[in-house]
Ligand code: ARG
Ligand code: ZN
């Protein structure tokens, strides 16, 4: 209840738990309405902790009985947990509680999804299962007994017994409660086997609802690839005899790394060519890997407290990014990650929800599973590796695992491993963890005929609670190009550490060394997106065209093309005359270059998103007009289609059907390019090609792209019905059907389309995937969401408020759609502010959503 003044938790208040847990024994007697949980927990005083009350977390539990060493006790119970007088020595705590999984719509703790019992305990869900010190620094081995008539009964670790109506599990690895999991229900397994490098035989199983068995191959393939990769790349092996993955339909997040029993949103497990897109395949591969990699980065070595969340998430995202780069195209992956950073993380970092990679306070920890913790956290890890080099990176990781296996640790412990291995002082580097906001790095150039001087100035703008920032360590990877297009030196990384810093290059000598006439070199800066900063650099259209044609760094080559697109669109969106010839010439050259990867070409062809353009305009001091931005992009697509028609048509024809469907990077890249051209071609062929592709497609990638191309030009009504009739029985495909209509709706229709879909009988809004497909997509349609009528703001807020009492976690996440409100004109600002206030003033608002709206109002 918001009126009860929610408590803020501070990093500086950390104190260890005064007891150590030696063992946990749990018995579950499952029932949808009255599940009984018996806990037997062995406690002893923690010699390293100070005194403190014996407090166990517990929420929404009905205590049946409690005893210490067999003698009944009467604990004092509050809404947050209980306290009890306990002896000053080791003792056995026993408690029985009752819970109702069926009425648990928050999907936190033990809940039911489509008749299946499932759990989600991270971050603080275990306290809804039994009374326990629900904090990550309390680690213990768990034994679990499940009693239920359900055919499949799963928990963490290895199965130690099974009988009629019961199963027993034993997880020997000490773990925090957030890694506990239990699954029970009518599930079927698709099985495989993996032999670790040390020879351990591991039974792999993917558990799904009957009927979904045919959609598990890709997840299994990805799992085996991840296990091999972690052995080869980090020397990390799996440590149990079983690895289970379960797919459930109702899930707040993407997936969860519970020890030996990963639980996934079914959208990130199930795939077949007919029902999943190439994108889905890539995401499944990455998330399977991510959760598997957590076994070492998160589970064997875990977090001391939730402020250290990036310790496991930033590192594990970094590891899954490396994995995807190795499995697919490294340059394409880098561009995709940079796109994500800029569109989501920079947006968060520049708004009212900005927080450091390691936050120092929170009200509700679930609100901090953010792009800053995850994606900026991964960028910080990547910078560390870039600064110290590959060998020191691996040595530092080895030392970290060796030192901290079985422990719950901090960012300081993490960095100490690398400081010890390299002898480097990482104290300034640590600012990346403590300072919020995106550094702006401005660069100016001076050339005196001999020396090229680069002057760097770095400024990180104020963020909530952090008015002043110190300079950060920015690894800047760069090259220099001769005006004839050749590279003058190998790529090099310079460390920008001062507020203002100059670097000189002997341009004349570099030219001479290559046997070239002396000429002013053209710098290529921030190659490979070597740091998550905004590079402020005055580049002319000619400079960009030159870099697009010649840069050997794929990221910067793409970046140059993107710069050209941005120039054109920003000019159009603000009513400024602009010649798009350089942009179109650049596209022509890229599309016709047989040496370039199709996936790379598709990235060059894609325009910056409307939300990106709004942010760029705002950063440039202009108030963005969402309608004008939308029109600018639409006009440009038509112009590009007119100017490049034949080339686009050839490209489409050459790439649309690369052969028998395979989700690999090569085919996916070709289909991606074909579909990017299809979308443009639809602007001039009235959707003829898209309609044909839709009719013929035998895979979801092409079917959905065709449908989207049609919807984007205001057609596709018939195809939508065909699609619905064919797929009404497939939950995941229907999510796409819902989402696409909202995403592709014209700005003045988006709110109506979304409202119409909320009345569809299949709009099962309590399932987060479906809610996100309709309501979340409305926020993804930038011009529709910000339509001047304000209709979308109202509809969106109504649904956030409807969801909030049912599922506060997802409602709070959704509410962040309003975080950009200060970018816009006074009329929109006022509308959005009033909408946020309406949410805030709603009686009984959850702590989750309450914290978000308070922060957004600032
Ligand atoms: N640890 C999970 C993962 O990144 C995500 C858990 C999300 N939990 C939450 N409360 N938002 O793989
Ligand atoms: Zn994770």
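Odds and ends about this structure:
- Two-decimal Rg to Rh for the stretch 702-858 - Kirkwood Rh, Cα set: 0.99
- Reduced Cα scattering model of the chain, Debye log10 I(q)/I(0), q = 0.07, 0.09, 0.11 Å⁻¹: -0.56, -0.96, -1.46
- Normalised per residue, the volume of the convex hull around the Cα set of the stretch 1-105 (Å³): 134
- Cα gyration tensor shape of the stretch 707-761, rounded if a/c is under 1.5, else prolate or oblate by comparing a/b with b/c: oblate
- Normalised by 2.2 N^0.38 Å, where N is the number of residues, the C-alpha radius of gyration of the stretch 302-437 stands at 1.04.
- In the chain, the longest principal axis of the Cα atoms and the axis of helix 826-840 are about 10 degrees apart.
- Report note on the peptides 196-208, 603-615, 311-323: ranked by the mean count of other C-beta atoms within 10 Å, highest first, their order is 311-323, 603-615, 196-208.
- Distances between every pair of Cα atoms in the stretch 175-254, grouped in 5 Å steps from 0 to the bin holding the largest one, split as 3, 13, 21, 22, 21, 14, 6, 1 percent.
- For the stretch 20-79, relative contact order (Cα pairs under 8 Å, six or more residues apart, normalised by length) works out to 24 percent.
- Degrees, to the nearest 10: 717-727 long Cα axis against longest axis of the chain: 30
- Ordering 101-113, 757-769, 16-28 by mean Cβ neighbour count within 10 Å, with the highest value first, yields 101-113, 16-28, 757-769.
- Calculated FRET efficiency for the pair residue 720/residue 98, C-beta based, R₀ 41 Å, to 0.05: 0.30
- Between the stretch 356-407 and the stretch 625-701, the alpha-carbon center distance in angstrom: 39
- Set against the 2.2 N^0.38 Å expectation for a compact globular protein, the stretch 65-172 has a Cα radius of gyration ratio of 1.19.
- The stretch 791-850 and the stretch 204-279 have Cα centres spaced 34 Å apart.
- Here the stretch 243-304 carries DSSP beta bridges of which approximately 25% are antiparallel, counting only pairs with both residues inside.
- Summary value for the chain: 9 percent relative contact order, contacts being C-alpha pairs under 8 angstrom separated by 6+ residues.
- Counting DSSP beta bridges with both ends in the stretch 202-286, the antiparallel % (nearest 5): 15
- Label-to-label distance, nm, for residues given as residue 197 and residue 549 (7 Å Cα→Cβ offset): 4.8
- Sites residue 221 and residue 398 - FRET efficiency at Förster radius 25 Å, r taken between beta-carbons, to 0.05: 0.30
- Measuring max minus min along each principal axis, the C-alpha atoms of the stretch 237-334 give extents of 43, 33, 28 Å (largest first).
- Pair-distance profile P(r), taking every C-alpha pair of the stretch 486-624, with 5 angstrom steps and integer %: 2, 8, 16, 19, 20, 15, 12, 7, 2, 0
- Its convex hull of Cα atoms gives the stretch 10-58 a direction-averaged projected area, equal to a quarter of the hull surface, of 5.1 nm².
- Across the stretch 1-134, the relative contact order, built from alpha-carbon pairs under 8 Å that are at least six residues apart, equals 25 percent.
- Helix 610-619 axis, angle to the chain major axis (alpha carbon atoms, nearest 10°): 80
- Packing, as the average of other Cβ atoms within 10 Å across residues, places the peptides 698-710, 80-92 in the order 698-710, 80-92, highest first.
- Considering the stretch 409-538, its Cα convex hull presents a mean projected area of 9.7 nm².
Values in this text are rule-based calculations from the coordinates and carry no lab data. Treat the numbers as computed from the prediction; the structure is a model and nothing was measured. Reconstructed Cβ throughout: ideal geometry from the backbone, glycine too, with neighbour counts over all protein chains shown.
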